[in-house]
Amino acid sequence: MKRVLTVQDISCLGKCSLTIALPVISALGSEAVILPTALLSTHTAFQNFTCKDLSDQIEPIANHWKGEGVKFDAIYTGYLGTISQIDQIKELIRMFRREDTLVFVDPVMADNGKLYAGFDMDYVKKNTELCGVADIIVPNITEACFMTGMEYKEQHDEAYIKELLARLIEFGAKTTVVTGVSLSEGKTGIMGYDSQGGEYFIYQNKKVDRIFHGTGDLFSSTCVGELMRGKTWKEAMQIAADYTAYTIEVTMQNPDKPWYGVDFETTLPYLMK
Ligand code: PXL
């Protein structure tokens, strides 16, 4: 069985980061090993959330694993807390990366043209460095704009995304995928570029005009799980985009849906098929 280390926060309530990564990766048949970077009462879209930084746990946990001879087939990072923590995660990757370990970085820090609460341009710079050591990165358009210095455009075309991809590739990841790409009216999806094959990939789905938290984490966790099942990056991205779109559609049909996340619990059986 493949073993995936996923490094991100625990938002106790909110359906995002580890509370999505753990069930999704497990459902897709890989062992999910978690390294919580912070403990929050909720995700940061709530008011008055509590947050306990867990940076001081990273090194002792990593050293214990090293002593146990633990090996990972993938290391998947998501929402991290602080600049110094990103340095710690880079060191963790250096410690555990083998030739065939997939390093998948979702540089979670912004959406809809804005940085999430608590992040600034120094954090962006540090997250960009982390992207540089990854095999695959999956920023949304906002994150890609902050990292590259390009203007954020809600309305965009293929040429604009190609320019974003060209600049992102310079950071060093082998495969770069921009999410939240809408190339025609009523559609949304992804556009990616693989620098080894020199190939672009576009995949579009029906767009739902409502933003849900945690959908980026659902997309990334599904990609990682599918890559571990042997899918190519293009297949994994397509499955993850379809699954995320389907989950949003199902959530919209639930009159009792919580405002803070999607009903991935209802759709997990579909993903496993
Ligand atoms: O879904 C991304 C995410 C993860 N973790 C925390 C967040 C967010 C998005 O807002 O606040 C704590």
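Scanning the chain for long hydrophobic helices, with DSSP H runs required to stretch 24 angstrom or more by C-alpha along their axis and to average at least -1.0 on the Kyte-Doolittle scale, returns 233-252.
Among the GluC sites (Glu not before Pro) found in the range 167-273, those both in a DSSP coil and sparsely packed, with 16 or fewer other Cβ atoms within 10 Å of their Cβ, are GLU170, GLU185.
Between TRP259 and THR82, the modelled label-to-label distance comes to 3.1 nm, taking each label 7 Å out from Cα in the direction of the beta carbon. Taking 20 Å as the limit for the C-alpha separation, the pairs LYS206/LYS234; LYS187/LYS273; LYS15/LYS52; LYS114/LYS257; LYS15/LYS273 exceed it in the case of LYS187/LYS273; LYS114/LYS257; LYS15/LYS273. Projecting the Cα atoms of MET228, GLN204, GLN85 onto the dipole axis of the chain, where Lys and Arg carry +1 and Asp and Glu carry -1 at the beta carbon, places MET228 farthest toward the positive end. Here the accessible area of the chain is 50 percent carbon and sulfur, with a 1.4 angstrom probe and all protein chains present.
Dividing the summed -39500 (n - 2.57) terms of all DSSP H runs of n ≥ 4 by the residue count of the chain sets its mean residue ellipticity at 222 nm at -13000 deg cm²/dmol. Per residue, the average separation of C-alpha pairs within less than 8 Å and at least 6 apart gives the chain a relative contact order of 17 percent. Of the trypsin sites (Lys or Arg not before Pro) found in the range 58-141, those in coil by DSSP whose Cβ has at most 13 other Cβ atoms within 10 Å are LYS71, ARG98.
In the full protein context, the chain carries 45 Å² of accessible surface per residue, based on a 1.4 Å probe and ignoring ligands, DNA and RNA. In straight Cα distance, which lysines are under 18 Å from LYS90, not counting same-chain residues fewer than 8 positions off? Cα-Cα hits under 18 Å: LYS66, LYS71, LYS125, LYS126, LYS174. The charge dipole of the chain, taken about its Cα centre with unit charges on the Cβ of Lys, Arg, Asp and Glu (plus for the first two, minus for the last two), comes to roughly 380 debye. Sparse packing (at most 10 other Cβ atoms within 10 Å of the Cβ) combined with a DSSP loop state is found for the following GluC sites (Glu not before Pro) in the range 16-104: GLU99.
Would you mind classifying the chain by shape? Square roots of the alpha carbon gyration tensor eigenvalues, ordered a ≥ b ≥ c; an a/c under 1.5 is rounded, otherwise it is prolate if a/b is larger than b/c and oblate if not. Rounded, because the longest to shortest axis ratio a/c is under 1.5.
The values are calculated or read from the model by the stated rules, or taken from the named source; none is laboratory data. Small disclaimer: the values here were computed from a predicted structure and weren't measured. All Cβ positions, even for glycine, are placed from backbone atoms using ideal geometry, and neighbour counts span all protein chains on display. Note: areas computed on protein heavy atoms with side chains; ligands, DNA, RNA excluded. Shrake-Rupley method; radii C 1.70, N 1.55, O 1.52, S 1.80 Å.
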